[in-house]
1. Given the criteria open to solvent by 40 Å² or more (accessible area, probe 1.4 Å) and at pLDDT 85 or above, does A:Q163 qualify?
2. Looking at the structure I just gave you, is A:A354 part of a helix (DSSP H, G or I), among the small types (G, A, S) and buried (at least 24 other Cβ atoms within 10 Å of the Cβ)?
3. Could you say which residue among B:L202, B:L153, B:L162, B:L137 is within 18 Å of the chain's Cα centre (by Cα) and over 22 Å from B:R65 (Cα atoms)?
4. Within the stretch B:166-182, count every residue that is of a type in the set (S, T, N, Q) and touching a residue at least 40 places away in the same chain (Cβ under 8 Å).
5. Of the residues that make up the stretch B:170-188, is at least one among the charged types (D, E, K, R) and either under 14 Å from the mean Cα position of the chain (by Cα) or over 19 Å from A:L136 (Cβ atoms) (or both)?
6. Which of the residues belonging to the stretch A:514-546 are hydrophobic (A, V, I, L, M, F, W, C), under 14 Å from A:A105 (Cβ atoms) and assigned to a helix (DSSP H, G or I)?
7. Right, B:L162: modelled with pLDDT of 85 or more and open to solvent by less than 60 Å² (accessible area, probe 1.4 Å) or not?
8. Scanning the stretch B:62-90 for residues that are charged (D, E, K, R) and over 24 Å from A:I526 (Cβ atoms), which turns out farthest from the other protein chains (Cβ to nearest Cβ)?
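The values are calculated or read from the model by the stated rules, or taken from the named source; none is laboratory data. All values derive from a computational prediction rather than experimental measurement. Positions of Cβ are generated from backbone atoms using ideal geometry, with glycine treated the same way; all protein chains shown enter the neighbour counts. Heads up: the accessible areas ignore ligands, DNA and RNA and are worked out on the full protein's heavy atoms, side chains in. Shrake-Rupley method; radii C 1.70, N 1.55, O 1.52, S 1.80 Å.
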Amino acid sequence: MRLTDRSRIPALIWAALLFAAALVIALRLPAEHVTSDILAMLPKAGGMSEVQDAFLARLNRQVLYAVKDEGAVREGFAQKLAESPYIERVRGRITDEEKRQAWAALQKTLGAVLTDAQIAKLADPARYAREVIGLLYSPLAGVSQSEVKNDPLLLTRRMLLAQKSAVSESKGYLTAKDREGQTWSLFFAELKEGLSAQDKAAFLAFESKLRSDTEKQLGQGALLAQSTLFYNRCAEDTAKGDMTRLGTLSAVLLAALFLLSFRSLTPLGLGLLSVASGLLLGGAAALLCFKTLHAVTLVMCVSLIGIATDYTTYFVCAHRTAPKGTPASETLLRLRPSLIHAMVTTVIAYGLLAAAPFPGLEELAVFAVFGLLGACLTVLLWFPLFLGPSKGEGLPKVKLFPAYLAAWKKRGAVSFAVLAVCAAVSAAGLMKLSATDDLNALQTPPAHLKAQENAIKALLGNDLTQEWIIAEGKNEAELLGKVEALRSEFGGKLLLPALRSPEVQERAGAALAAAHEAVKARLAKIGIAAGGAYSPSATLSDYLASPAGEAFSALFLSKDGTLYLAAPVVRFDPAMKKTAAGVYVHRKAEIEEMLRELRSHLSVFLAAAFLLVLASYFFKYGAKKTLGTALILGLAFTTSLGALALAGLPMNIFSLFALILVLGIGIDYAVFFSYLEKDHADSVLFALGLAAASTLISLGILLFCHTDAVRNFGLVLSVGVLTAFLTSPLLTWFGEKR
Amino acid sequence: MTKAFYRSMFVASLLAAGTAYASTLESVEEKLQALKTIQADFEQKRVLKGTDTPLVSTGTLTLIRSRGLIWDQTAPFAQTAVLSGKRFKLTVEGDTVQDASAAENPAMQAMMTTLTALFEGNFREIRPLFDLAFEDLTNNHWRIVLKPKEEKLKQLFTEITLEGRDAITNVAMTDKNGDVTTLVFTHQVFNRPAARRVLDALDGP
């Protein structure tokens, strides 16, 4: 077989394709297409997901600080924070001017935020006048001259009394008290919209310096901060660190394995070429398919290197053991079916990951499918061009694999020991195996961030960012009407803005006017000329400018001409799921519910795939071998899950996806052992052992990853593949094909 | 045990003062604490800043130790305020216009505990809330000036002055806005069992 010019065409096309892939990566990668945003990793769930995202994006721009100081330090801190070019505004310090404005806004909205009980009270003007005069004479009420003159209906004091907030204003600052009675000053910083990743990084560096400076003055633990930004930064640092560390480790170990096995630089060079092509094609495909790639995905992609090198291993082994002078193209021709077979089974297994609702796993699937295809195509199209005829040098004599196989064939102690260990791990682990769909089990937030978050939660009361009812309206009146419906349906179970709908405001306005007249008349009798003006109506923007409304401004959103309100759930009521006035949203619970469903679907799918594989095996190799394969794969499943449980980890969606890959990769070993011919046994065993070793090195490296979900995935996958590899000689107990 | 402690404190303060009959904060405390009930007529003047005529009201006050107090105003209009440990009820001209648990109104609660503690002589209870200055006037006559330390109370008054002999006879409260409320108690009767009507009002639903 000679290489003609025509046979070079596919190789040239392949080169052009890879060049294009490199261009795609060069153009798209630097423009921040890698994200470490935790939200981007979560599946979409529930209704109004775009509106949810918009609210969450807003939350993502907020940083909350609590400073244990009431003096100059907090002032300096707030000042410097506000001066940062990345900050839109800092809330927390209230100047006298702002107080005046807030007071004016409060007066303006007094008549528009009355409760039903207050409106009912106002509707009896004579009685209302009695109450005011009674309070004025009471030595206990402390109603002052100026108060009764400016606000004869005493609405301001009513409103201030009704406010039950952990946050209060003290000496011009927003403060809260902790359990020991210590005062903390609170600052709500809002980042500018549309900051780039670099801007955010610059801000984080700035604020981290500012925080440590402030802490130096006040002492350790005197400054708390909370924001999803910090979690994202930690996740990014972790992922970046993991990628560099694990990638380097994996590359070094694989290079060492290659050099040690082949004692030549050429196979290493070929392996690098194949892996690099895989990375180019996989990376370009993923960048074209997804707007952003998650950093955690990239860590998982590192594990593909070990699988991608297998094709080089098989080719180099086959070529070296071929009779001297065999052209590379001929070696390829002989190897091509099994090479393609190995690639296709792995690609199918990884391709199934695309069914996962996790963007991270979808990205991994695309990356894997194209990456493995790319690595394999380079072997198929380029290697014959780069390699001369076989020198027939053979392979290093490694006794380990043939000895291991021989031990199995003899049914020696080693084989039983391996089976016993697998059985023991399976039995011990499966008894304590637990399953979870808890999102928190996928990624453990750093303890120091969690501690600060809990401390802030203790200062401010409940966390109201998990469960919402989102109401929508084409305009203010419609939305406020929905708010009224929610108020009458759920009352205190929801945190709702006090602003009444225009309809209610109108009703309140009439009662207000009558009561005002009655009270003024009664006060005139005792010589007090009261004034006061009660605006009968207030708009949403009036309300949001008032002290009571300001806290709600983050909960209103205007998007594509529709107005939305996210009302945090204080106490859940099952009727919330069915209310006509809004959509109940509990992102975490919804995602977990979805994961639970997916987990049960996947279990069925896994069982079906397992049976399908066995059925196809049955037709090709007969009952005996099928039984053996079933045993091997079954043992791989139980041992990997057992090891997971023994490591103290629960089974989750990532474990199940790992099992699919165990099925896809493990079946290859069984296939190879079924093909095992006596004359080539040693060289095939060498190739197989080397391929398994490289795969295990790069999968095993995932165990050192800092993301829980990836570690879980890596553990199941590496133990499963290891078990499948170690037990595949079991097939020799189940007779030869024929 | 507490009684015994207070008594020994009293003796110690006498010895320290060297004058057998001079009033001390402790002796006043002792005297007020011995009163189980107080009934008195009151005259209240509220001088509101910026008005010429003060708001004057009269009526009777009934205080029952550890039960609460009833503020029964008869002129210029009928008004009854009932303060018991848990609630505040205001009835104006026979119409109950407020009836709330004290917890719903923290400012009112602070006020109520303070006033009840003052009348009952529980200075220990109010020491954390106020700076107390005691002044021994002549003839068994004394004055205590209280300045609030606590934030919530500072919102209500700047100063409270109490004067008395066997019981409190005069109270002056200056609030944050400069309004001054003075109370004069006359016809004081001590330790007379309270009428059923009064007890019912305090315990009422």
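1. Details: open to solvent by 40 Å² or more (accessible area, probe 1.4 Å): yes; at pLDDT 85 or above: no.
Answer is no for this residue.
2. No, not satisfied.
3. Exactly one of B:L202, B:L153, B:L162, B:L137 is within 18 Å of the chain's Cα centre (by Cα) and over 22 Å from B:R65 (Cα atoms), namely B:L153.
4. 3
5. No: zero hits.
6. Selection gives A:L540, A:L544, A:A545.
7. yes
8. By that ranking, first place goes to B:R65.
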